[in-house]
Amino acid sequence: MRSLWIPDWKKAPFLRLLIPVIGGILLQWYIQFDANQIIIAAICFTLAFIAFQLLPLALRFKLQTLQGFLINLILIVLGLFITYQKDIRHQQDWFGTVYSDSNYVIATINEPLIEKNRSYKAEALVGNILYDTTVQNTSGKIIIYFEKDSANTTALKYGDKILISKKVQQIKNSGNPGAFDYQRYLTFRQIFHNVFLKKSDWVLLDEKNINSFKQFLFTGRQNVLNILEKTMKGDDDQLAIAKALLIGYTQDLDKDLVQAYSNTGVVHIIAISGMHLGLIYIMLIWIFSKIPFIKRSKIIKVALILCCLWLFALLTGGAASILRAAVMFSCIVIGQNFSRTASIYNALAASAFILLCYNPYFLWDVGFQLSYLAVLGIVIFQKPVYHLLYIKNNWLNKIWQLVTVTLAAQILTFPVCLYYFHQFPTLFLFTNILLVPLSSLILFVEIFLVAFSWIPFVGIYVGELTWWLIWLMNKIILWFNSLPFSVWDAISISVLSTFLLYGFVVCIGYWLLNKNKLAFKFSLFALLYFTVFTGYTKLKRLNQEKLIVYNVPQHQSIDIISGNTYKFIGDSVLLADGMLQNFHLKPGRVLLQLNKRVDSLPALYQSGNFYQLNDKKVLLINNSIVFQPAEQKINVDYIIISKNPKLYIYQLAQVFNCRQFIFDSTNPLWKIAKWKKDCEALHLRCYSVPEQGAFVVDL
């Protein structure tokens, strides 16, 4: 019986190329080989391959495994090379190698400004560094935050050059447990510095640096936004969803509404992905099949379809998931129209190979991972699941097809979703059945609206129709989200657990499709190991006792933890503001499996701002106090200094024997620097939360 699980290697040659290249990318990221090592490896493996070709034919046939091994080594080196050369830090003209605090920077605004609550944000290209009387040409990118009083969307545009006099800072993580690794995320985008500018920190220069094609994309994107704003009534959630669904513009989205989409398992509707490009591809096939002169010419048809697909992909911002779809559909279009029926596995592998050669850091992109896993799940599992039931009724059969596609996509994506998002939408099947067709209709209506908005009645009536359709979609999502069992939340899963879960899914899937007993045994082993490891982790969490001083800018936030419960000490706004709490505190609490906040812990003794858990003593100082020298010093393990109090370290040292001083994020950096200097002079240990990240210690 022909295997339904593993594709024939001969029909998917790009799969054989892709695997070693991915291996090389991973090796370069985690080991960081230098250029000389990569060049030497490339020369050695290439010479070995050439030498192998000089052997007699009979010997080469006997040693063909060695030939394959050498080819794989060369492909691994290719992965090393593309990852090395993509890292801008290895380029001689990268500004980070020559920049110092006294330098001026000339930067070019590389995108339209994005409005934030307190600032405008933009990515910028560093073209020059100025020091003394020298101007040095450089490359690199930074993120600039403009104070709202110092810039607006009309004053600064794409292509404008500015002179920056303020010191550029290296990007750092908050260091909070379980927090999103923002520093690594920007490293993959080759951004390592940022700066916050007030009006006096920058000057607009007369010179501009504009790329015509990028300007065309930004202008086209803005024209689409203008049409939607003009034709849809009100500046509300419906308009924001329309922008996100059509071109991936997410700046106006309400955070709670986005969370509702995530909780109900349909966030992919507003995250531009292969589904959107697939719908547009179907629409283009239908349109061009109705136009005679295009229908008769394969070359014109292919060229127009590819141009439309790539224009849409670039207009939406070129996210990894949409680029995957664009490359894959390009392979399919070319193959179908020139009588070359390609394996879907080969098309997937080819698109991944091309994208990773273009940007190897896509490998860590969540959208890239989910996109390929979803398509792979559909390709492998949809047909076997569909054939489990035979339904005569045409409409019920269509619904069953949608159900099987949804289930198949979830099979290979749910472990990654658990790892990254710590939740599972329990009602995803029902929401996708209802909302995927509805969102597809809305997408087609929006495309029609943008194409024909110049006709007066079309702009009015189709714009209103779009608004009501999105209103209906939002209402359905909010209703499902209001159900108490709509989402399984606060799931903590490690990297090892994720791999074990994938081991179980892959092996049980192979067993079901091919009746392979060995695969079934491996699936049971993976499930057993997953269960044991998960149980061991939960047992560890039940016995944990920790102190965490979180890094929340301008806010006091401390957790004292015992088992799965915790006592929170800090600003009440962190209890009321869902966004602040979800971003800074919730990831750590999910990671540590904390499920209950209490006012007091059984093992915790508290007297004012003094806390003792077991034999560990903690003192919180959050106001100005003058301490008199004591005859006998008080032993304290940790002193947390918060709320910018007026005090002196040498006075505290006369009263307390303290193992370590902790300065939290409510204190200004200049004062922390002064306290650190005093600690060094007195040979005392100290820890700066805003500079070093959250302070976490076992009690």
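The values are calculated or read from the model by the stated rules, or taken from the named source; none is laboratory data. This one's a predicted model, so the numbers in the text were calculated from it and none came from an experiment. FYI the Cβ positions are ideal-geometry reconstructions off the backbone, even for glycines, and counts take in every protein chain you see.
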### Message
Against the conditions (1) out of contact with any Ser or Thr (no Cβ under 8 Å at 6 or more places or on another chain); (2) surrounded by fewer than 18 Cβ atoms within 10 Å (Cβ to Cβ), where does I460 fall short? Just the number, please.
### Response
(1)
### Hey, K546 assigned to a strand (DSSP E or B) and either closer than 30 Å to K617 by Cβ or in contact with a Gly (Cβ under 7 Å, 6 or more places away or on another chain) (or both) or not
yes
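Return yes when Q628 is of a type outside the set (A, V, I, L, M), more than 39 Å from the chain's Cα centre (by Cα) and under 22 Å from Y566 (Cα atoms) and no when it is not.
Numbers: of a type outside the set (A, V, I, L, M): yes; more than 39 Å from the chain's Cα centre (by Cα): yes; under 22 Å from Y566 (Cα atoms): no.
Against the criterion (of a type outside the set (A, V, I, L, M), more than 39 Å from the chain's Cα centre (by Cα) and under 22 Å from Y566 (Cα atoms)), Q628 does not qualify.
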### Task
Check L245 against each of (1) closer than 20 Å to N110 by Cβ; (2) out of contact with any Gly (no Cβ under 8 Å at 6 or more places or on another chain) and name the one condition it does not meet.
(1)
### Message
Just checking: which of the helices (runs of 4 or more DSSP H) contained wholly in segment 410-521 hold 1 or more residues that are in the same structural domain as I227 (by TED's automatic domain parsing) and of a type in the set (K, R)?
### Response
456-482
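Looking at V626, V696, can you tell me which residue is among the β-branched types (V, I, T), at pLDDT below 90 and not in a helix (DSSP H, G or I)? Give the steps one after another, and end with the answer.
Numbers: V696 fails: at pLDDT below 90.
Sole residue among the options that is among the β-branched types (V, I, T), at pLDDT below 90 and not in a helix (DSSP H, G or I): V626.
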### Query
With respect to L443, is the statement that it is closer than 25 Å to F368 by Cα, surrounded by fewer than 17 Cβ atoms within 10 Å (Cβ to Cβ) and touching a residue at least 24 places away in the same chain (Cβ under 8 Å) true?
no
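Looking at segment 341-358, can you tell me whether even one residue there is at pLDDT 80 or above, outside the structural domain of I22 (by TED's automatic domain parsing), among the hydroxyl-bearing types (S, T, Y) and surrounded by fewer than 19 Cβ atoms within 10 Å (Cβ to Cβ)? Reasoning before the result, please.
Taking segment 341-358 and keeping what is at pLDDT 80 or above, we get 344-358.
In the following step, the residues that additionally are outside the structural domain of I22 (by TED's automatic domain parsing) were identified as 344-358.
Applying the additional criterion that residues be among the hydroxyl-bearing types (S, T, Y) yields 345, 351, 358.
Add one more test, that the residue is surrounded by fewer than 19 Cβ atoms within 10 Å (Cβ to Cβ), and what stays is 358.
Yes, segment 341-358 contains a residue that is at pLDDT 80 or above, outside the structural domain of I22 (by TED's automatic domain parsing), among the hydroxyl-bearing types (S, T, Y) and surrounded by fewer than 19 Cβ atoms within 10 Å (Cβ to Cβ).
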### Message
Looking only at segment 247-290, count every residue that is more than 18 Å from W310 (Cα to Cα) and either surrounded by 17 or more Cβ atoms within 10 Å (Cβ to Cβ) or in contact with a helix residue (DSSP H, G or I) (Cβ under 9 Å, 6 or more places away or on another chain) (or both) and tell me the total.
### Response
22
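Among the listed residues N595, N609, N644, N667, which satisfies the condition of being more than 36 Å from the chain's Cα centre (by Cα) and assigned by TED's automatic domain parsing to the domain that holds V552? Lay out the reasoning, then the answer.
Values: N595 fails: more than 36 Å from the chain's Cα centre (by Cα); N644 fails: more than 36 Å from the chain's Cα centre (by Cα); N667 fails: more than 36 Å from the chain's Cα centre (by Cα).
Of N595, N609, N644, N667, the one residue that is more than 36 Å from the chain's Cα centre (by Cα) and assigned by TED's automatic domain parsing to the domain that holds V552 is N609.
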### Pair list, Cβ under 7 Å, 6 or more apart: segment 240-254 residue assigned by TED's automatic domain parsing to the domain that holds L469 and among the aromatic types (F, W, Y), other residue surrounded by fewer than 21 Cβ atoms within 10 Å (Cβ to Cβ) and in a helix (DSSP H, G or I)
Y249/L225
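Could you list all residues from segment 175-184 that are surrounded by fewer than 18 Cβ atoms within 10 Å (Cβ to Cβ) and either touching a strand residue (DSSP E or B) at 6+ places or on another chain (Cβ under 9 Å) or basic (K, R) (or both)?
Just the residues of segment 175-184 that are surrounded by fewer than 18 Cβ atoms within 10 Å (Cβ to Cβ), to begin with: 175, 178, 180-184.
Of everything in segment 175-184, those that are surrounded by fewer than 18 Cβ atoms within 10 Å (Cβ to Cβ) and either touching a strand residue (DSSP E or B) at 6+ places or on another chain (Cβ under 9 Å) or basic (K, R) (or both) turn out to be G175, Q183, R184.
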#### Entry: Candidate set: segment 225-238, residues that are among the hydrophobic types (A, V, I, L, M, F, W, C) and surrounded by 21 or more Cβ atoms within 10 Å (Cβ to Cβ); chosen: the one modelled with the highest pLDDT
L228
### Task
Take segment 583-602 and flag every residue that is touching a Leu at 6+ places or on another chain (Cβ under 9 Å), part of a helix (DSSP H, G or I) and under 14 Å from N564 (Cα atoms).
G588
### Query
Which of the residues belonging to segment 620-641 are surrounded by 15 or more Cβ atoms within 10 Å (Cβ to Cβ) and either under 18 Å from G570 (Cβ atoms) or not assigned by TED's automatic domain parsing to the domain that holds I560 (or both)?
L620, I621, N622, Y638, I639, I640, I641
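Looking at K676, K633, can you tell me which residue is farther than 24 Å from Y566 by Cα, basic (K, R) and modelled with pLDDT of 90 or more?
Working: K633 fails: modelled with pLDDT of 90 or more.
It is K676.
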### Message
Between I662, I640, I625, which is free of Cβ contacts under 8 Å to residues at least 60 places away in the same chain and aliphatic (A, V, I, L, M)?
### Response
I625
### Message
Checking the structure you have, find out if any residue of segment 398-408 is more than 21 Å from Y510 (Cα to Cα) and among the small types (G, A, S).
### Response
no
### Query
Scanning segment 81-118 for residues that are buried (at least 18 other Cβ atoms within 10 Å of the Cβ) and assigned to a strand (DSSP E or B), which turns out nearest to the chain's Cα centre (by Cα)?
I109
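Could you please give the count of residues in segment 203-226 that are more than 31 Å from the chain's Cα centre (by Cα) and hydrophobic (A, V, I, L, M, F, W, C)? Before the answer, list the steps.
Going through segment 203-226, the residues more than 31 Å from the chain's Cα centre (by Cα) turn out to be 203-208.
Next cut, hydrophobic (A, V, I, L, M, F, W, C) only: 203-205.
Total satisfying the criteria: 3.
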### Query
With (1) of a type outside the set (G, A, S); (2) more than 26 Å from L217 (Cβ to Cβ); (3) not assigned by TED's automatic domain parsing to the domain that holds K199 as the list, and I82 as the residue in question, which single condition is left unmet?
(2)
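For Y529, state whether it is over 28 Å from the mean Cα position of the chain (by Cα), free of Cβ contacts under 8 Å to residues at least 24 places away in the same chain and in a helix (DSSP H, G or I).
On the way: over 28 Å from the mean Cα position of the chain (by Cα): yes; free of Cβ contacts under 8 Å to residues at least 24 places away in the same chain: no; in a helix (DSSP H, G or I): yes.
Taking the combined requirement at face value, the residue does not satisfy it.
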### Task
Could you tell me whether any residue of segment 676-695 is in contact with a Pro (Cβ under 9 Å, 6 or more places away or on another chain), of a type in the set (V, I, T) and farther than 16 Å from N623 by Cβ?
no
### Message
Take the conditions loosely packed, with under 13 Cβ neighbours inside 10 Å and acidic (D, E) and apply them to D206. Does it pass?
### Response
yes
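Pick from V495, V549, V506: which is among the aliphatic types (A, V, I, L, M) and loosely packed, with under 14 Cβ neighbours inside 10 Å?
So the residue among V495, V549, V506 that is among the aliphatic types (A, V, I, L, M) and loosely packed, with under 14 Cβ neighbours inside 10 Å is V495.
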## Note on the structure
By residue number, the members of segment 119-134 that are closer than 16 Å to T97 by Cα and either touching a Cys at 6+ places or on another chain (Cβ under 9 Å) or surrounded by 17 or more Cβ atoms within 10 Å (Cβ to Cβ) (or both) are L125, V126, G127, N128, I129
